[in-house]
Structure formats: C-alpha cells, structure tokens
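Computed from the coordinates by the stated procedures, all read-outs in this text should not be read as laboratory data. Keep in mind that this is a model prediction, so the values were computed, not measured. Cβ placement follows ideal geometry from the backbone for every residue including glycine, while neighbour counts extend to all protein chains displayed.
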Amino acid sequence: MKNENSSPNSLSEVHSSVQTNKRTGWKRIFAFLGPAYLVSVGYMDPGNWATDIAGGSQFGYKLIWVLLMSNLIALLLQSLSARLGIVRGLDLAQASKNAYPKWANIPLFGLAQVAIVACDLAEIVGMAIGLNLLFGLPLIWGISITVFDTFLLLFLLKRGMRSMETFIVSMVFIIGLAFFVEMLIVTPVYSDVMKGFMPSSLNGNALYIAIGIIGATVMPHNLYLHSSLVQTRKFDRSIKGITEAIKFNFIDTAIALNLAFFVNSAILILAAAAFYVYGYHEVAEIQDAYILLENIFGKSAPTLFAIALIASGQSSTITGTLAGQIVMEGHLNLRIQPWLRRLITRLLAIVPAFFTILYFGDEALGSLLVLSQVVLSLQLGFAIIPLIHFNSDKKTMKEFTIKLWVKILAWLSAAIIVYLNLHLVIDEIFTWTQTSGEYKIVIYGVVIPLALACFSLLLYVFFKPFFSAGDETKKQLPHGEAIDFKEGHLANFKHVGITIDFSGNDQKIIRNAMMQGGKTAKYTFIHVVETAAARYHGKNVMDQETLLDEKNLIKYQLDLEDLGYKADYKIGFGNTASAIAKIVEETHIDFLVMGAHGHKGFKDLLFGTTVDAVRHKIKIPVLIIN
C-alpha cells in the first residue's frame, strides 16, 4: 500500500496500458494512434477560435503563414515530447523535477498551472458561448454549468483510455465536419488564400494577434500531456521497439496536427471571407461572428459553428485536466483526489470569467479569450527550453538523442517564440507606463519586478543544463528503496497480509506482522499502485513506478525467505482500499497488518483515507501500526 501522505512523482499513469506487441500490419500502427488526437483538441479549442477570428477579420488571409509556422513548430515540439516519454519513460514534468532544484520547480509548476487555468478559461467561455448561441442560455449560467463537466471527465477516465480517445476523436470529427461544410457555404477566394502563406511583417496589433495564435497553437500544457500519453502503449523496450514506437507516434502526431491546422485555417479563412471581405474588420467576439454568419449566409452556417464550438470546449477541457494532473504530480510530487484537483482547476478558471462578465459585460469575453492565449504563449519558453535540453542529453537519451539539424530547428523555434514574447512584454509594459497614470507605482513596484523574475528564471532554465546534469536517480518515485529488517517475537496466524509503502515504517510493520504468525504462517506483502493509469487501466499498467515497486516487493519476499519464513507478494491497482480488500479475499488472508497514513481532518478530504475504508470492506482482524 502506498502511503497516503507520500508525495508521488509525476503522472506516470498512462504507461503501457494499451497492448501493441500482439498486433501486426496496419492493426499494429492503429494500436499506436490515439495520444496525438487527445493532444490535437488543444490546438482547436475556443481560444484558437478567438485568435483566428480576430486575425481573419482584421487582417484577412495575411496571418495564415503564422498558423502554418505555428503548426510546423508544434509538430516538431510535440514529436520531441513524444520521444522523451517513449525513450526515458518520463513525462516533461518528471524530467524537469530531476533536472532542476526544488526552488526552480515550484515557480515552474506555478507558471504551468497558470497556463492550464488560462486554457481552461478558454474552454469554459467557449462552452458558455456555444450554449448561449444554440439555446439562448445566459453566459453566466453557461459558465456555471461547466462545473459539472467534471463528472463527465471522471466517468470517461473510469471507462479507460480507449473510451476517452474514442470520445475525443468523435468530438474532433464533429468539429472537422462542421468546418468542412462551413467552407462550402462561405466559398472563399482560394487564390487570395494562397497569398496568405507568404510571410509578412508583424507589428502592433498584428503582433499581438500573431502571438495569441502561436500561444493557442503551440500550447505548453500539451507538451506535458503528450510526453505522458505516449506511455499508454506497451511495446518492446529494445532499440528496435523504441525506434518503431517513435516512428508510429510521429505518424500519429502528423495526422492529428494537420487536422488541427485544417480546422484553425478554416476558422481564419471563414473570418476573412465572411467579415474582412465585407468590411467587418473588428470582429473579435465569437458571438459577433455567429450573428454576422447568420445575417450573411443564413441559419445553417452559425448553427454548425455553435455545435463545433461546444464540441471543442468539451473535448479540450478533458485534456487540460489530464495535463494539470501531470504537472502537479511531476513538479511537486503531490497527488490529491482526482475530483478535487479537477474542481480546483475549474474554479480557478471560472472566477476570472465571472469577474469579466460582472464588471465588463458579456462583450468582453472575446478579449479575455485572446488574452488567455497570449498568457499561454508567454509560458511556452519555460516548457520548450527544458524539452529541447532533455532530448539533447546523450547520457539519458543515448542513441535516441536528437540529431544536430533537429536540435537547430528546435532552438530556432524556441528563439522565435521567446523573442516574440519578449517583444510583446516590453511593448505592453512601455504602453502601461505611459497610460497608467496614478497606478504607475504598481507597474514599477509589481509588474516590472515580476517580469524580471520570470526572465531570470528563463535564463536559469536555459543555462543550468549546460553546467550541471540533473540527478536521474532521485525523486522519480514517491517512495524509497526496500529496507533490511530484523526478526521479532512470534505470535500465531496462518496467513498474514502486510501492506507496504516503502517508507521508513516498513521495518516496524513487518516486524509486528512476524510476531503475529511466526514461522508457521505464510506472509503476503501487499502494495497498491494508485496512479491515474492504475485507476483506469488496472493490471495492464506496467509503468516505471509499477516495475520498481515489484522489484522492491521481491526483495522483501527474498529477505523473509532467507530468514526461514514463507512469503510472496501481491500488487493491486487503482483505489487503495478496494484493491487491498480484493487481495485479502482472493488469497484468504486471516490477519492484516497496516501502517497508518498519519494525517487527519482536512488532509483526509484532500488525500483520501485508507485504513477506515479497508476496515469496512474486510472481515478479518486488522493491526494498525502508527
């Protein structure tokens, strides 16, 4: 059993739960397809809609090249994210925790969490707008309703990864189909569209919109997410097997992101053809786009528009939640109840949406959406730079270290994004200092120091790996190694179960168990893997945490056998109490020894409890060791 109060490492939950080795031919390729589709919905969420509509209505087709560049950068970075997860069995947050000290991981977590909240903000606003457009539901009520999609998420996760992938792909299909029909209705001038692929200069509002497009396309939380999702596939860990997994996941990524590029291009082209051409150059609101579509093209176009918007918001919020779990578990080694984590993220996003509606009106939501995407872009450097470092590390990546030309392209992409973000931040701060009036002290006392602190952290993240390597062995798992223990006094039971969490309490727990049964009893060590993957995929999970846990259990078994005792071990998966109760029943254990988790009150609500739940599920004596 895992200690409820221990701090687990990152979300290794989606490791090796989908079998690929038993499939051949095209079925084998299809076994790898799926993770990138979950990632791709983040590339076509309501935040993208806001930036694409604003860009198309203000500048026509001129910013299509920014979309194309963003998509190519996204393809490169997502493939690096997938490579990291496949080769090292770590997601980006895990790798960051190993590479950087705790003081750096805390602000890295904070920045990543801000990006996830910004993303979630776009999802709830998009959902609320879609419900308003289709059913006339007031926006503030639509935002309130989005709290309840937490239950849909938990239901899908409980059904398993493949069920969730099916749901997401169906949402993507609805979005793509809707915009395909929209393009047939609007009929843009495709010769003008092609001219939009030629790069043009960016300044002023065009730069702001372009950075919003980049932030909406190359989303930082997707880099964390993809590095974890690729680990859902169980494959041969040989050089050949890893090479094949990298290849098939690249195919998956290319197909999914090109579909996302089609959707984003369709939105921008739709805005350019429907609004810019007709002289509507200031359409930054999704609601305005809906009304103008109805006025120009009839009811069918805006209805499809609203349906796709709802599908986009609902699918994106699911992947954003998974990314939040990865970031929290990776950077902080903190695992709390899934429903509570989801609810906290959603409430953090709802508060600014409520504030915006109450103080600035419904019409300000479009600007809030664009701002949320700019926030995403500003966080990109803190995810991209470590990602490139990790893929360039020959010590950990070995023969799968990226080639020089890939490294050059990756650093060039990072340089473009960081340069554009610095350009924007400096321009915005300069504008604020000129227009802030009596609030100028806030700019100089808060905003500028905060910006300088973030820039200093970015420099540290960039330079640190050049001077010292991270400790690959530390902090990868929430517990330590199996320990030696000594024989104690004896008692008498026939089959004693011992729950293990690989903490310093193990020796005390094992000694007390041995005192109950002596050498005539059989002993079964019980440990429960409670990562999200274990909850959703059960015994199919073969992630890094599970493998090391089994190795530690075998050590305990052999140590006890060396002392002349009969011993074995059992690993449970998912809900701790239920898994322990199931093992007790199946193996006919007649006495159970457990360690207390050591917390109470609010921490019970936060982290859950085990001892009380187990006591209510089994009918044998339980010895609790504090």
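Counted by Cβ distance under 12 Å from ASP590, the other residues give a net charge of +2, where Lys and Arg count +1 and Asp and Glu count -1. Among TYR556, TYR565, TYR419, a tally of other beta-carbon atoms within 10 Å of each Cβ gives an order, fewest to most, of TYR419, TYR565, TYR556. Close amide H partners of PHE573, meaning residues 5 or more places away or on another chain with modelled amide H under 5 Å apart, are VAL529.
Full extension of the segment from ILE429 to ALA453, taken as 0.36 nm per residue of separation minus the current Cα-Cα distance, would add 7.2 nm. Summing charges over all other residues whose Cβ lies under 15 Å from the Cβ of MET198, with Lys and Arg as +1 and Asp and Glu as -1, gives +1.
Computing FRET efficiency as 1/(1 + (r/R0)^6) for LEU358 and LEU72, where r is the C-beta to C-beta distance and R0 is 45 Å, gives about 0.65.
Sorted fewest first by neighbouring Cβ atoms within 10 angstrom, CYS119, CYS454 come out as CYS454, CYS119. So, R0 is 60 Å and r is the distance between the beta-carbons of LYS440 and LEU548; what FRET efficiency does that work out to, to 0.05? Efficiency for this residue pair is about 0.65.
So if we plug the beta-carbon distance of LEU343 and ALA613 into 1/(1 + (r/R0)^6) with R0 = 25 Å, what FRET efficiency do we get, rounded to 0.05? E between LEU343 and ALA613, to the nearest 0.05, is 0.75.
Evaluating 6.51 cos²θ - 1.76 cosθ + 1.60 at θ = phi - 60° for every residue in region 402-412, the Karplus couplings come out as 5, 6, 4, 5, 5, 4, 5, 4, 5, 5, 5 Hz, glycine and proline recorded as x.
Which entries in LYS97/LYS566; LYS234/LYS566; LYS247/LYS398; LYS494/LYS555 show an alpha-carbon gap greater than 29 Å?
Numbers: LYS97/LYS566 39 Å; LYS234/LYS566 33 Å; LYS247/LYS398 17 Å; LYS494/LYS555 22 Å.
Pairs exceeding the cut-off: LYS97/LYS566; LYS234/LYS566.
Converting phi to 3J(HN,Hα) with the Karplus coefficients 6.51, -1.76 and 1.60 and the offset θ = phi - 60°, region 195-200 yields 5, x, 7, 7, x, 9 Hz in sequence order, with x at every glycine or proline.
In order along region 83-98, phi translates into HN-Hα couplings of 4, 4, x, 6, 6, 9, x, 10, 8, 4, 5, 4, 4, 5, 5, 6 Hz, rounded to whole numbers, per the Karplus curve 6.51 cos²θ - 1.76 cosθ + 1.60 with θ = phi - 60° and x for Gly and Pro. Less than 5 angstrom separates the built amide H of HIS495 from those of LYS522, ASP590, PHE591, all sequence-distant by 5 or more or on a different chain.
For region 80-119, rounded, prolate or oblate, judged on the Cα gyration tensor with a ≥ b ≥ c (square roots of eigenvalues), a/c < 1.5 rounded, else prolate if a/b > b/c? Here region 80-119 falls in the oblate category. Between LYS566 and TYR523, the built amide H atoms are under 5 Å apart, and every one of these is 5 or more places off in sequence or on another chain.
Taking Cβ atoms as reference points and 12 Å as the exclusive limit, the residues near ILE242 contribute a net charge of +4, counting Lys and Arg as +1 and Asp and Glu as -1.
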